[in-house]
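Encoded as structure tokens, the structure appears first; notes follow it.
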């Protein structure tokens, strides 16, 4: 276990370095001028050349890309992630304020997509070839081909605009002080974007679980259990579910990256103040410090999910541990 953690620490450091370099390069070659994007076209046009030069020096737009990265990396090692041009605040402060909303949204959507996807996949696999199986497959294929932003717009119009069951957007009621906001208010605002985001991951989990369930149901030990008098459902419940543990864990933790990607679009549609919405604002404004910070946080979340999955593999299946030790 110690060697596994040590190897992953090295991989994590290499990943953070690569992500930061790629993000810096992509933002650096972007045609967006951060000064014009953050000041505004009208204000920029009314400035003198000296004022524009002062802003360019302040934001470092005239500095070579390599030098800017070295300056940022040196400050980052010392705990300074830079200042966000878009929010005029330290990047660490913006990340802390936005991370709670995104993590809460992702956690709720992640749990819901795992529960519904696993249940639907198992039912479809056990009922292979029946009407229930065809309905679940058709439902998943429709979900898999539906754009996330379009689905979010439809859900918003139906449940927030037409029916009025949920608020139109934001993470808390407008005009209400933070001290007066209750847990019910937070849940009322998060439940609709979380349900929309969970739908994104349901199709993938359900279809993969269905295929694995079919393989298990056609295995020799399930046929032997049925030959001993067990029904198909009893054999699946007693002998099949435990064999779905490893693939279920793999699918669930692998879906973290997909859910995080979907959260960017969902947060935009629902005006939900999270990392996804901040990432869009940073990209539009060419806010390299904030965009690198958000990218590093997202990469750390995905990497952490995969690491947890690897550790759980070794705990659940001792054969994986023995193979790893043998290597």
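The values are calculated or read from the model by the stated rules, or taken from the named source; none is laboratory data. What you are looking at is a predicted structure, and each value in this text was computed from that prediction instead of being measured. All Cβ positions, even for glycine, are placed from backbone atoms using ideal geometry, and neighbour counts span all protein chains on display.
Yes/no matrix, rows are residues, columns are (1) modelled with pLDDT under 75; (2) over 18 Å from residue 84 (Cβ atoms):
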residue	(1), (2)
1	yes, yes
21	no, yes
24	no, no
37	yes, no
64	no, yes
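From the list 16, 106, exactly one residue is modelled with pLDDT of 75 or more, assigned by TED's automatic domain parsing to the domain that holds residue 198 and either part of a helix (DSSP H, G or I) or out of contact with any strand residue (DSSP E or B) (no Cβ under 9 Å at 6 or more places or on another chain) (or both). Which is it?
Unique residue meeting the criteria: 106.
Could you say which residue among 289, 278, 206 is over 30 Å from residue 153 (Cβ atoms), assigned to a helix (DSSP H, G or I), modelled with pLDDT of 70 or more and assigned by TED's automatic domain parsing to the domain that holds residue 308?
289
Hey, residue 51 hits all of (1) in a helix (DSSP H, G or I); (2) at pLDDT below 85; (3) surrounded by 16 or more Cβ atoms within 10 Å (Cβ to Cβ) but one; which does it fall short on?
Condition not satisfied by residue 51: (3).
Can you find a residue that is crowded, with 22+ Cβ neighbours inside 10 Å, part of a helix (DSSP H, G or I), modelled with pLDDT of 85 or more and not assigned by TED's automatic domain parsing to the domain that holds residue 25 anywhere in the stretch 293-306?
Checking the stretch 293-306: at least one residue is crowded, with 22+ Cβ neighbours inside 10 Å, part of a helix (DSSP H, G or I), modelled with pLDDT of 85 or more and not assigned by TED's automatic domain parsing to the domain that holds residue 25.
Give 166, 159 a once-over and let me know the one that is modelled with pLDDT of 85 or more and either in a helix (DSSP H, G or I) or surrounded by fewer than 13 Cβ atoms within 10 Å (Cβ to Cβ) (or both).
From the options 166, 159, the qualifying one is 159.
Scan the stretch 244-271 residue by residue and report those that are crowded, with 24+ Cβ neighbours inside 10 Å and either outside any helix (DSSP H, G or I) or without any contact (Cβ under 8 Å) to a residue 24 or more places away in the chain (or both).
270
Please name all residue pairs, on different chains or six or more residues apart, with Cβ atoms under 9 Å, provided the first residue is in the stretch 11-31 and is in contact (Cβ under 8 Å) with a residue 24 or more places away in the chain and the second residue is part of a loop (DSSP other than H, G, I, E, B).
Taking only residues 6 or more apart or on different chains, the pairs are 27/286; 27/287; 30/286.
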